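Worksheet for the structure shown next.
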Amino acid sequence: MPAITICIPAYAMGGDGARYLAESFDHLCKQSFTDFDIVVSDQSDDADVETLCRAYEDRLSITHLWNRDGPRQASANVNNAMVHASGDVVKVLFQDDFIIDINGLKAIFDAMGQGADWCLCGSGVTRDGHTLMRPMTPRLTDRLHFGKNTVSSPSVLAMRRASLMSFDEELIWLMDVDLYKRLWDRYGHPAIVEDTVIANRMHDGQVSASVSKALRQRELRYMSRKFAKTTRLRGWLEYFRQRLKAL
């Protein structure tokens, strides 16, 4: 079994999906840590992602899975990939993001050591795939689960397979912060890699760019019920602030 399995939810993404994934594969080919495999859960209606996976089989260990019958959303698609992970560490990586640090996987594996249940790493954003902006080190706060995201995208997350938690498939906008909150509540603080490991790609096709106010309101109400017993005062203040923003 590999030390790390990288789980990638994929879809056509308006024709850009395979291109973004190829760039991510190129960065993975350069990693100094090589004891990893990749699981791609593919919801594309065409075969571009599957063809790309076959093209990289001589350089990377890739399992391509069709997931056309599952719910067409990121949470369900990445959950499908994680179910098929065999590594001791399960690393989430969305197809339009990539690991920019050649020592990124080694840093994550070393930080988790033999005991950490989960890990978060530093990230930045890019529009051109080269220039990195707004670097951030992840931190957990009482306001996190209501949309004050001080951690970053799901691509900064790794979990030990024995401690694996799935994304809540009821959520779209808050799917990442919901999982961070649940992991924090169950396992305590994560191992933190402060280095900038992940490049989050900014583009017009991002799901976050098309989230409606109605969806925000629905998910905020859902989260308020889900975490009613563990939300502190600062969390409730953030909840009402986000509700006002979504009016």
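Below, the figures for the structure above:
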| read-out | value |
| --- | --- |
| Projected label distance in nm at HIS130 and TYR187, using a 7 Å step from Cα toward the beta-carbon | 3.7 |
| 23 Å Cα cut-off, lysine pairs counted over the chain (separation 8 or more, or different chains) | 17 |
| Two-site FRET efficiency, ARG19 against ASP69, from Cβ-Cβ distance with R₀ of 25 Å, rounded to 0.05 | 0.50 |
| Cα-derived Rg to Rh of the chain, Kirkwood definition | 0.95 |
| Choice from GLN95, GLN114, GLN217 showing the highest fluctuation, given a GNM over the chain with Cα pairs closer than 10 Å | GLN114 |
| Per-peptide average of other Cβ atoms within 10 Å, ordering 237-244, 186-193 highest first | 186-193, 237-244 |
| Taking the stretch 4-245 and dividing mean pair separation by its residue count, relative contact order in percent (alpha carbons under 8 Å, at least six apart) | 22 |
| Span from the the stretch 219-247 Cα centroid across to the the stretch 133-164 one, whole angstrom | 18 |
| R0 of 25 Å, Cβ-Cβ distance SER212-ASN103: FRET efficiency to nearest 0.05 | 0.05 |
| Spin-label model distance (nm) - ASP110 vs SER61, 7 Å beyond Cα toward Cβ | 2.2 |
| 5 angstrom amide H check on GLY147, placed H, neighbours 5+ away | none |
| Gained length - THR51 relative to ARG139, 0.36 nm times residue gap less alpha-carbon distance | 27.9 nm |
| FRET efficiency for HIS203 and GLU169, using Cβ-Cβ distance with R0 set to 35 Å, rounded to 0.05 | 0.90 |
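Coordinate-derived values only; no laboratory data. Note that the structure is a prediction, hence the values are computed from the model and not measured. As a convention, Cβ positions derive from the backbone with ideal geometry for all residues, glycine included, and neighbour counts pool all protein chains shown.
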